[in-house]
Amino acid sequence: MEQEPYKYIRDGNGKVSRVFRIGTRKSQLARIQTDSVAEKLKELYPELNLEIVGMSTLGDKILDTALSKIGEKSLFTKELENALERNEVDLVVHSLKDLPTTLPAGFTIGAVLKRENPHDAVVLHPKHVGKTLDTLPDSSVIGTSSLRRAAQLKKRFPHLEFKDIRGNLNTRLKKLDEKEDYAAIILAAAGLGRMGWDDRISQILGPEDCMYAVGQGALAVEVRARDLDILEMVSVLHHPETVLRCITERAFLRCLEGGCSVPVAVNTEVKDSQLYLTGAVFSLDGSDSLKETMQTSIASDDKSVDEEVDERVQRVGVTASKICGGAQNRAERLGIDLANLLLSKGAKEILTVARQLNDAR
């Protein structure tokens, strides 16, 4: 494949400097997220020349099919990664939950930024303002494109009906507000917050109602693994606690071989140097589920042998050379151990049936 050369510019004094191109999806939310990462990099490196390159992805183009039916793992990332591979861009900003747990060869997540609220939010049709999912009338239709959300909420709120809704945030809110098709839609709280639409949130769903998606609420910067200078440059954006939480979540999902076509959900927290992971799998209607919680220590113990950090090691696609290697290893192990516990209790059967039923829909 023909590769683009790096891009350089010359300033008024004849000084030549490299331009770092950041790839992003074209949606308003993707641009806001990418601009926020660019701003952080400019604060840290004022001399940096950045250029933002917007692209459309397969997930942005296919809007008449449920995400879970398209069956493509890298729905919102492939075109961006192709540009990265061809050197047309130098780094790409993603919502971490869109990134598969196994990245294509040659790529790595060089930064996972501080996570915003990872929970899901209820946005009501204007005529239902003041209500909650509990108090909506029977057979009210709730829009969500996520099997994970639908599976959990069907079980918890049996009086409601759930229907697919696709499109970017702007499109989905428009569909909600301008028609009578939906009483409410479920969206990620983090995305609404980044768009400045916190005032549309009627209810935040806690883990007892709806556990969140792996990586939800966190932004990731994907780079070419061979570009050590860029890896070094973006690594300062890593937020240690978010990195460890997302490593454990991604390891859990990878071990279950889950993606957006099966209902898998997580909840993580860090308390007193302990990382807690709750993970669950569900049948499509939520009637069958398995849920367990495990914990591990993520305290940095410099004397421990496993703290030897190989800067190039990727853990579920993440390279975080400045964060305690032993803590990363334990976080990854926790995700694998919890997934294996659920598998030993029958998770594979639940997910296999969910996948088959979803394919047949």
> Which residues make up the longest stretch of the chain clear of GluC sites (Glu not before Pro) that lie in a DSSP loop with no more than 11 other Cβ atoms within 10 Å, not counting the sites?
Replying inline: 48-179
> Kirkwood Rh, the range 132-179, all Cα pairs: how many Å?
Replying inline: 11.4 Å
> Cα centroids of the range 72-140 and the range 330-344: how far apart, whole angstrom?
Replying inline: 23 Å
> Leaving out ligands, DNA and RNA, what percent of the accessible area of the range 84-173 is carbon and sulfur, probe 1.4 Å?
Replying inline: 48 percent
> Calculated FRET efficiency, Glu269 and Lys322, Cβ-Cβ r, R0 22 Å, to nearest 0.05?
Replying inline: 0.45
>> Between the range 218-257 and the range 271-293, what is the separation of their alpha carbon centroids in Å?
In response: 22 Å
> Dividing the alpha-carbon Rg of the chain by 2.2 N^0.38 Å yields what?
Replying inline: 1.01
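Give a quick list of trypsin sites (Lys or Arg not before Pro) in the range 213-261 that DSSP marks as loop, anything other than H, G, I, E or B, with at most 13 other Cβ atoms within 10 Å. Each step should come with its number before you reach the end.
Working: sites: Arg224, Arg226, Arg245, Arg250, Arg254; in loops: Arg226.
Sites meeting the loop and neighbour criteria: Arg226.
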> For labels at Glu257 and Ile52 in the simple 7 Å Cα→Cβ model, what's the distance in nm?
Replying inline: 4.0 nm
> Scaled to the compact-protein estimate 2.2 N^0.38 Å, what is the alpha-carbon radius of gyration of the range 310-361, rounded to two decimal places?
Replying inline: 1.63
>> If you filter the range 159-206 for trypsin sites (Lys or Arg not before Pro), then keep DSSP loop positions with at most 11 other Cβ within 10 Å, what is left?
In response: Lys179
> How far, in nm, would the chain grow between Lys78 and Asp199 when pulled straight, counting 0.36 nm per residue and subtracting the alpha carbon separation?
Replying inline: 40.2 nm
> In Å², what does the accessible area per residue of the chain work out to with a 1.4 Å probe?
Replying inline: 44 Å²
> Per residue, what volume in Å³ does the Cα convex hull of the range 210-298 take up?
Replying inline: 119 Å³
> Under a GNM of the chain (C-alpha, springs under 10 Å), which listed residue has the highest mean-square fluctuation: Val270, Val16, Val214?
Replying inline: Val16
>> Just to be sure I understand the model, the point goes 7 Å from the Cα along the line to the Cβ. What's the resulting Lys348 to Tyr8 distance in nm?
In response: 5.5 nm
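In the range 90-192, what is the volume of the convex hull around the alpha carbon atoms, normalised per residue and reported in Å³?
Details: hull volume 12.6 nm³, N = 103.
Hull volume over Cα atoms, normalised by residue count, gives 122 Å³.
Could you give the length gained by full extension between Asp177 and Thr135, i.e. 0.36 nm per residue of separation minus their alpha carbon distance, to one decimal place?
Between Asp177 and Thr135, full extension yields 13.2 nm more.
The values are calculated or read from the model by the stated rules, or taken from the named source; none is laboratory data. This structure is a prediction, so every number in the text was calculated from the model and none was measured. FYI the Cβ positions are ideal-geometry reconstructions off the backbone, even for glycines, and counts take in every protein chain you see. These area figures cover heavy atoms from the full protein model, side chains too; ligands, DNA and RNA do not enter into them. Shrake-Rupley method; radii C 1.70, N 1.55, O 1.52, S 1.80 Å.
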